[in-house]
Amino acid sequence: MQFFSILLIALLPVVKHKHVVIAHRGDHTVLPENTLAAYTRAIEDGVDYVEVDLRTFKDGRLYISHGELSALSDKVPSFEQVLSLCKKKVNIYLDFKDADPAIVYPLIKKAGMQKHIVVFCNTFEQLKDWHKVAPDMPLMTSVPDEVKDLNAFFDEYPVSVIDGSIGQYTPEMLAVCKKRNVAIWLDVQAKDEDPLRWQKALDTPVQGLQTDHPGALINYLKQNGDR
């Protein structure tokens, strides 16, 4: 069933670098993950996006955390705090864990950040909901391993970006992404993340990398004339 095939693909936020660098949960190998301090450090590193995990607490408040929490504390930033911190400084890669687009999007608009966010949808139902609430919001998702026909996939789920792992996409699939103007941001964060892994990803024609070591990756790109 084609839910969204009549909709146009939303434009991604403008960046000034050749390769998009996304700081996974902020610069969290230096400072606690998903904190304002970790995001601030990533901004100082010069990243293009900070990755933010969004959830809803039992009382309806939105909070930033990769995992579920039994209680909120002052150390857990609110979504509004993150929007305020990032405004006019960096784009947001919003990993949409558990929330309602109808509640989240008005907050994004109020903050004036609607042109500086990409929403990563963890389910196809989230894609459907976001398209209904904010058809101009650029969306991102994962492509299931069993999908080999990307044209058919994009016909049913038009997105602006897909993620993936190194080597996941064949040359034919990469060509489809290029033709349909769908960006690929590979996840390179791993225990063995290092320059060899970065270069292996960069040797694939992709547009961005999500990393656990944003400062080091940016320095590597600069040294190689890629930033």
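The values are calculated or read from the model by the stated rules, or taken from the named source; none is laboratory data. The structure presented is a predicted model; accordingly, all values stated were derived computationally and were not measured. In this analysis, Cβ positions are derived from the backbone assuming ideal geometry, glycine residues included, and neighbour counts consider all displayed protein chains.
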Handout entry: Positions within region 90-99 being more than 9 Å from the chain's Cα centre (by Cα) and under 14 Å from Asn122 (Cβ atoms), in sequence order
Key = Phe96, Lys97, Asp98, Ala99
Problem - Single condition Val47 does not satisfy, out of (1) touching a residue at least 60 places away in the same chain (Cβ under 8 Å); (2) over 25 Å from His213 (Cβ atoms); (3) among the hydrophobic types (A, V, I, L, M, F, W, C) - result: (2)
Problem - Cβ pairs under 7 Å, 6+ apart, first in region 186-205 and under 18 Å from Lys222 (Cβ atoms), second surrounded by 14 or more Cβ atoms within 10 Å (Cβ to Cβ) and hydroxyl-bearing (Ser, Thr, Tyr) - result: Val188/Thr211; Glu193/Thr211; Pro195/Tyr220; Trp198/Tyr220
Exercise for the section: Could you give me the residue pairs with C-beta distances under 9 Å whose first residue belongs to region 52-71 and is over 19 Å from Asn122 (Cα atoms), whose second residue is of a type in the set (Val, Ile, Thr) and at pLDDT 85 or above wherever it lies, and which are 6+ apart or on separate chains? Expected result: Gly60/Ile103
Problem - Out of Tyr93, Tyr63, sole residue that is under 24 Å from Asp187 (Cβ atoms), modelled with pLDDT under 95 and buried (at least 20 other Cβ atoms within 10 Å of the Cβ) - result: Tyr63
Practice task
Could you pull out the residue among Asp226, Asp129 that is more than 22 Å from Arg25 (Cα to Cα), in a helix (DSSP H, G or I) and acidic (Asp, Glu)?
Solution key: Asp129
Practice task
Would you point out the residue of region 38-64, among those that are in a loop (DSSP other than H, G, I, E, B) and under 15 Å from the mean Cα position of the chain (by Cα), that is farthest from Met140 (Cα to Cα)?
Solution key: Val47
Completion exercise
With criteria (1) crowded, with 22+ Cβ neighbours inside 10 Å; (2) of a type in the set (A, V, I, L, M, F, W, C); (3) in contact with an Asp or Glu (Cβ under 8 Å, 6 or more places away or on another chain), Ile117 comes up short on (3)
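Within region 79-90, track down each residue that is surrounded by fewer than 16 Cβ atoms within 10 Å (Cβ to Cβ) and without any contact (Cβ under 8 Å) to a residue 40 or more places away in the chain.
In the first step, residues of region 79-90 are kept if they are surrounded by fewer than 16 Cβ atoms within 10 Å (Cβ to Cβ); the result is 80-81, 84, 87-89.
Within region 79-90, Glu80, Ser84, Lys87, Lys88 meet the criteria.
Please specify each residue of region 208-221 satisfying the condition of being within 11 Å of His19 (Cα to Cα) and assigned to a helix (DSSP H, G or I).
Step one: of region 208-221, the residues within 11 Å of His19 (Cα to Cα) are 208-210, 217-218, 221.
Matches in region 208-221: Leu217, Ile218, Leu221.
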Fill in the blank from the handout: Of the residues in region 109-126, those that are touching a strand residue (DSSP E or B) at 6+ places or on another chain (Cβ under 9 Å) and assigned to a helix (DSSP H, G or I) come to Phe124, Gln126
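Select from region 16-37 the residues that are touching a strand residue (DSSP E or B) at 6+ places or on another chain (Cβ under 7 Å) and in a loop (DSSP other than H, G, I, E, B) and write down the one among them that is surrounded by the fewest Cβ atoms within 10 Å (Cβ to Cβ).
Ranking the candidates gives His19 first.
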Problem - Enumeration of residues in region 95-150 that are touching a residue at least 12 places away in the same chain (Cβ under 8 Å), closer than 24 Å to Asp48 by Cα and either in contact with a His (Cβ under 6 Å, 6 or more places away or on another chain) or basic (Lys, Arg) (or both) - result: Lys97, Lys115
